[in-house]
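Working notes, structure below.
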Amino acid sequence: MRKRFKYILRIIFILIILAIIVLVLLQFKGKNTSTQKYKEIDVIKGYNYELEDRDTELMQDVFKKLKKELSKDDIDYNLYAEYLSELFIIDLFTMNNKDNKYDVGSSEYILDDAKENYIINVEDTIYKYLVEKSNRKEEYPIVKSITKETIENTDYKFNDETYEAYKVTLEWEYEKNNKYDKKGIVMLIKKDNKLFVVAYEGVKD
């Protein structure tokens, strides 16, 4: 009887171990930000801004404007802030080319100290119901146009340090109507002559 009990316990233990392994593997698979590799078609050297073959025509157009501005000896930081804000919005809210909820757009424009919170927040809100690309039966948002409304030079305090900052208000349209933001404010700070997005706030009409 005791041997049979030990045998049953051993089976239960093995099943528990197998269940844990399966759960870990499933979680690891789900956390992959991209299920396939995308080709890099352009890059802005010194800034680590990249353009991929999956990026929309609108994003490619704005990227070219930013690259041209950043190639100048005397950079217009208002234009830099405008173009980077536009890229941020286009990549974040164009979800149709994302692989899953963990494939968060625009993370390359975020300040490193704010990046982890940004990714978690997007996964839990904007991308929360983003279905795996291979299993989709519907199209997701695609930003088709974007316009800068205002840009304000200001200061912004982050981690107890005050930075020169740019507050950019933008409005955009999608290829199809949906429930997502159509207007918002992007806050950028200047650090070591490079701009970083540190905050975003949607604006209701």
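The values are calculated or read from the model by the stated rules, or taken from the named source; none is laboratory data. The structure presented is a predicted model; accordingly, all values stated were derived computationally and were not measured. Don't worry about glycine lacking a Cβ; one is built from the backbone with ideal geometry, like all the others, and counts go over all protein chains shown. Calculation scope for accessible area: heavy atoms of the full protein, side chains included, ligands and nucleic acids excluded. Shrake-Rupley method; radii C 1.70, N 1.55, O 1.52, S 1.80 Å.
Here's the yes/no breakdown for (1) open to solvent by less than 70 Å² (accessible area, probe 1.4 Å); (2) within 26 Å of GLU57 (Cβ to Cβ); (3) at pLDDT 95 or above:
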site: ILE151; (1), (2), (3): yes, yes, yes
site: ASP155; (1), (2), (3): no, no, yes
site: GLU171; (1), (2), (3): no, yes, yes
site: TYR180; (1), (2), (3): yes, yes, yes
site: ILE189; (1), (2), (3): yes, no, yes
site: ASN193; (1), (2), (3): no, no, no
site: VAL197; (1), (2), (3): yes, yes, yes
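Of all residues in the stretch 51-72, exactly one satisfies the criterion of being part of a strand (DSSP E or B) and either loosely packed, with under 14 Cβ neighbours inside 10 Å or touching a helix residue (DSSP H, G or I) at 6+ places or on another chain (Cβ under 7 Å) (or both), namely LEU51. The set of residues from the stretch 76-95 being closer than 14 Å to ARG54 by Cα and of a type in the set (Ser, Thr, Tyr) comprises just one member, THR94. Within the stretch 93-143, which residues are touching a residue at least 12 places away in the same chain (Cβ under 8 Å), assigned to a helix (DSSP H, G or I) and either open to solvent by less than 50 Å² (accessible area, probe 1.4 Å) or not acidic (Asp, Glu) (or both)? Within the stretch 93-143, PHE93, SER107, TYR109, ALA114, TYR118, ILE119, VAL122, GLU123, LYS133, SER134 qualify. Total residues in the stretch 96-118 satisfying the condition of being more than 15 Å from GLU50 (Cα to Cα) and polar (S, T, N, Q): the figure is 4. The residues of the stretch 48-81 that are in contact with a Ser or Thr (Cβ under 9 Å, 6 or more places away or on another chain) and among the charged types (D, E, K, R) amount to a single one, ASP55.
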